[in-house]
Amino acid sequence: MQQAQDALQQAHAKIERLENIQEIYAQENAINVTIIENITTGVWVTDEDDVICYANKGMSKIAGVPANKIVGRHVLTEFPEETLKHFRSYYLKAKEELSVIRYKDIHVR
């Protein structure tokens, strides 16, 4: 009987630790999201099909359009060629290397 109670106490302690870790993770994630959303640097993320799935406020300002007008667009086909010629090579390099690539201001309208 004592072994069962000890095992139950250990399980409760593990659950409590996991809940604490989840809470800390959620708080840190919220801080990171707030930082990324509010920096002036434009940040956008694409999925494996080259469709933009996230754009922050900085990217909206650079592009001159709200993020919801950027999200859902295909990076390599749904921008004017004038824009694409400036960032296509950077985007393809970032995709190939799976890394962040910085480039000079590019008009995305």
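The values are calculated or read from the model by the stated rules, or taken from the named source; none is laboratory data. This is a predicted model, so every value here is computed, not measured. For neighbour counting, all protein chains shown are included, and Cβ atoms are generated from backbone atoms with ideal geometry for every residue, glycine included. To get the accessible areas, we keep the full protein, side chains included, count just its heavy atoms, and leave off ligands, DNA and RNA. Shrake-Rupley method; radii C 1.70, N 1.55, O 1.52, S 1.80 Å.
Scanning the range 51-70 for residues that are of a type in the set (Ser, Thr, Tyr) and modelled with pLDDT of 90 or more returns a single hit, TYR54. Just one of the numbered conditions (1) without any contact (Cβ under 8 Å) to a residue 12 or more places away in the chain; (2) within 21 Å of the chain's Cα centre (by Cα) is not true of LEU18: (2).
The set of residues from the range 21-71 being in a helix (DSSP H, G or I), open to solvent by 80 Å² or more (accessible area, probe 1.4 Å) and closer than 18 Å to PHE87 by Cβ comprises LYS61, LYS69.
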